[in-house]
């Protein structure tokens, strides 16, 4: 008798391509957990969690869990930005806890460093700038189809969608 592959714990082989983020997720998770980050999203999406203004001047270093309830998040920043971050500790803690989904972080500790950083050689706090994509040329047939839409924003969105669909169909 042939049993199902899933019943004996044999993993089914995936068909097709896998996203690059799925390939790196387990390594990122293990590296993050070694530094106390139970949620790797805090590291990978730091600018989205705390906002671009804080992400530009600080980055998370580790999370230490003590004996009591709650953990301490340590942030690395330059000496000039530390007083500004000190005033925003409550807001940072609330945003990080929103990322965790519960009140995991009780304290935020700020560590100051020189502009050259510790072992890394330099401390770069600015997230990478987002690349601006060139808008696709909108074919005439898409313009004719979206011509009857009254709202300018909606018409432009439909034209972009149509241009994307047609460009992918040609590939």
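Quick rundown of the values:
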{"read-out": "Potential extension, residue 48-residue 131 segment - 0.36 nm per residue separation minus Cα distance", "value": "28.3 nm"}
{"read-out": "Full-extension gain in nm, residue 167 to residue 150, via 0.36 nm per residue minus C-alpha separation", "value": "3.6 nm"}
{"read-out": "Highest average packing first - 75-86, 132-143, Cβ atoms within 10 Å", "value": "75-86, 132-143"}
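Since every read-out is calculated from the coordinates, none of them should be taken as a lab result. Everything quoted here is computed from the prediction, not taken from an experiment. Note: ideal-geometry Cβ built from the backbone for every residue, glycine included; neighbour counts use all protein chains shown.
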